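Participant: Sharing a structure here in structure tokens format.
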Amino acid sequence: MRKSKREQLLQAAWAVIAERGVHGLRVEDAAEAVGVANSTVYYHFENRAGLLAATMDYNDESADSASKRSRSGSGFERVSSILLGDFADGRKVRENNIVWNDLNAAAVFDDELRARVGGVNRKWTGDIADMIRDGVADGSVRSDADPVDIADTLSALQGGLVTQYLIGAIPRSRARNVLRSAIANLLAPVE
């Protein structure tokens, strides 16, 4: 199936951010990569901020498809799988993390982007909270777990560990082990 110009532009913007960061993305880069005029970018996204916000949604859709693939297993297994997935081998996983982190950082200084990124982050932690609720229901997660508090805690920890791994402050294996331990400590039923 042939991709629309809009989707091609999003893929191009995503690739530039993964390689050079948000500050390295110019509207011209996305247009040139797709072989269209700059006006085509403005037609689809209005401005650079619109392109960035749509790229966050595009990146989230990739993560969301991974989340949907992790719908089998207990709630505990699904939470572990989705959170630890950001430490998997592969260039695509690393690039998704780079794009996610850089768009989050850029949102601190951009009101329009902040609203979009905040919504995506709330959806992410909401999905994790739902998986925790499923785990409480299926007995794989401790019955006294507060799904919202633990989802916020694990999401923040995961995000911080991903950043530390990306900048080389800790090895990926260490980040994965720390997160795995936190998941077990916060969610595993008490025997």
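The values are calculated or read from the model by the stated rules, or taken from the named source; none is laboratory data. Keep in mind that this is a model prediction, so the values were computed, not measured. In this analysis, Cβ positions are derived from the backbone assuming ideal geometry, glycine residues included, and neighbour counts consider all displayed protein chains. Quick note on the areas: whole protein, heavy atoms, side chains included, nothing else; ligands and nucleic acids left out. Shrake-Rupley method; radii C 1.70, N 1.55, O 1.52, S 1.80 Å.
Participant: Does at least one position in the range 92-109 carry a residue that is more than 19 Å from Leu9 (Cβ to Cβ), among the hydrophobic types (A, V, I, L, M, F, W, C) and touching a Phe, Trp or Tyr at 6+ places or on another chain (Cβ under 9 Å)?
Facilitator: yes
Participant: While we're looking at this one, here's another question. I'd like the residue in the range 27-64 that is of a type in the set (A, V, I, L, M) and touching a residue at least 60 places away in the same chain (Cβ under 8 Å) and, out of all such residues, is surrounded by the fewest Cβ atoms within 10 Å (Cβ to Cβ). So that I can check it myself, show each step before the final result.
Facilitator: Start the filter on the range 27-64 by keeping residues that are of a type in the set (A, V, I, L, M), which leaves 27, 30-31, 33-34, 36-37, 41, 49, 51-54, 56, 63.
Now drop any that are not touching a residue at least 60 places away in the same chain (Cβ under 8 Å), which leaves 49, 52-53, 56, 63.
Details: Ala49: 15, Leu52: 23, Ala53: 24, Met56: 24, Ala63: 19.
Step by step, filter the range 27-64, then rank; the result is Ala49.
Participant: Does Tyr42 satisfy being aromatic (Phe, Trp, Tyr) and modelled with pLDDT of 90 or more?
Facilitator: On the way: aromatic (Phe, Trp, Tyr): yes; modelled with pLDDT of 90 or more: yes.
The answer is yes for Tyr42.
Participant: If I go through the range 89-103 residue by residue, how many of them are buried (at least 19 other Cβ atoms within 10 Å of the Cβ) and either in contact with a strand residue (DSSP E or B) (Cβ under 7 Å, 6 or more places away or on another chain) or not aliphatic (A, V, I, L, M) (or both)?
Facilitator: Total satisfying the criteria: 4.
Participant: Out of curiosity, is Glu95 more than 30 Å from Phe45 (Cβ to Cβ), assigned to a helix (DSSP H, G or I) and touching a helix residue (DSSP H, G or I) at 6+ places or on another chain (Cβ under 9 Å)?
Facilitator: For Glu95, the condition - more than 30 Å from Phe45 (Cβ to Cβ), assigned to a helix (DSSP H, G or I) and touching a helix residue (DSSP H, G or I) at 6+ places or on another chain (Cβ under 9 Å) - is not met.
Participant: Kindly check whether there is at least one residue in the range 55-64 that is among the hydrophobic types (A, V, I, L, M, F, W, C), modelled with pLDDT under 95, assigned to a loop (DSSP other than H, G, I, E, B) and closer than 25 Å to Ala182 by Cα. Please lay out each step first, then the result.
Facilitator: Keep residues of the range 55-64 that are among the hydrophobic types (A, V, I, L, M, F, W, C), which gives 56, 63.
With modelled with pLDDT under 95 added as a condition, the list becomes 56, 63.
Checking which are assigned to a loop (DSSP other than H, G, I, E, B) leaves us with none.
Among the residues of the range 55-64, not one is among the hydrophobic types (A, V, I, L, M, F, W, C), modelled with pLDDT under 95, assigned to a loop (DSSP other than H, G, I, E, B) and closer than 25 Å to Ala182 by Cα, which makes the answer no.
Participant: While we're here: Given the conditions (1) touching a Lys or Arg at 6+ places or on another chain (Cβ under 8 Å); (2) more than 24 Å from Lys123 (Cα to Cα); (3) charged (D, E, K, R), which single one is not true for Asp60?
Facilitator: The failed condition is (2).
Participant: Go through the residues of the range 70-85 one by one and say whether even a single one is outside any helix (DSSP H, G or I) and of a type in the set (Lys, Arg). Break it down into steps so the answer makes sense when it comes.
Facilitator: Start the filter on the range 70-85 by keeping residues that are outside any helix (DSSP H, G or I), which leaves 70-74.
Narrowing the set further to residues that are of a type in the set (Lys, Arg) leaves 71.
Scanning the range 70-85 turns up at least one residue that is outside any helix (DSSP H, G or I) and of a type in the set (Lys, Arg).
Participant: Which condition number in (1) under 30 Å from Arg172 (Cβ atoms); (2) open to solvent by 40 Å² or more (accessible area, probe 1.4 Å); (3) hydrophobic (A, V, I, L, M, F, W, C) is the one that Leu83 fails?
Facilitator: (2)
Participant: Tell me which residues, restricted to the range 1-26, are open to solvent by 90 Å² or more (accessible area, probe 1.4 Å), over 19 Å from Ala107 (Cβ atoms) and under 20 Å from the mean Cα position of the chain (by Cα).
Facilitator: Glu19
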